[in-house]
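Asks: My structure is below; once you've seen it, I'll send some questions.
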Amino acid sequence: MNSKTKNENRHALECLREADEAVLELRTAFARVGIALPSLRLDPISYAREAPCPLVELGRCSVETAQRIAAALPKPGEPEGAGVTH
């Protein structure tokens, strides 16, 4: 294996690790405000490529969950976290 391939593999592994962490962070943040997205995951096709570029798949949710997500986000001009209710 040449050094270019090793660097590409290392980069791909780092991208996948970061993507996994992002999914976990997002799942945790949603859970803090009482929201669960069962379909939240990495899109398997996006990381199955030779040079993975993972995408986060938010999945489907009910209208009620969509409304709760919208309510949890700050409105324009509000400080960060202002929309969050516990």
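The values are calculated or read from the model by the stated rules, or taken from the named source; none is laboratory data. Predicted model only: the values in this text are computed from it and were never measured. Ligands, DNA and RNA are excluded from the accessible area calculation, which covers all protein heavy atoms including side chains. Shrake-Rupley method; radii C 1.70, N 1.55, O 1.52, S 1.80 Å.
Asks: Skipping prolines and chain starts, which residues have an amide H placed within reach, meaning under 5 Å, of the one on LEU55, given they are 5 or more residues away or on another chain?
Replies: Here the answer is ASP43, SER46, TYR47, since their amide H atoms fall under 5 Å of that of LEU55.
Asks: Starting from the residue with the highest accessible area, list ILE45, ILE69 in decreasing order, probe 1.4 Å. Walk me through the intermediate numbers first.
Replies: On the way: ILE45 130, ILE69 35 Å².
The ordering from most to least exposed comes out as ILE45, ILE69.
Asks: Ok, one more. Rounded to the nearest whole Å², what accessible area per residue is found for the chain with the 1.4 Å probe? Show your work: numbers first, answer last.
Replies: Working: 6600 Å² over 86 residues.
For the chain, the solvent-accessible area averages 77 Å² per residue.
Asks: Follow-up question, since we're still on this one. How many percent of the accessible area of the chain is carbon or sulfur, using a 1.4 Å probe? Numbers along the way, then the final one.
Replies: Values: 3800 of 6600 Å².
Ligands and nucleic acids excluded, carbon and sulfur reach 58 percent.
Asks: While we're here: Determine by what factor the alpha-carbon radius of gyration of the chain differs from 2.2 N^0.38 Å, reporting the quotient. Write out the running numbers ahead of the final one.
Replies: Details: Rg = 16.9 Å, N = 86, 2.2 N^0.38 = 12.0 Å.
Here the answer is 1.42, to two decimals.
Asks: Could you state the angle between the C-alpha long axis of helix 3-32 and the longest principal axis of the C-alpha atoms of the chain, as a value from 0 to 90 degrees rounded to the nearest 10?
Replies: With rounding to tens, the tilt is 10 degrees.
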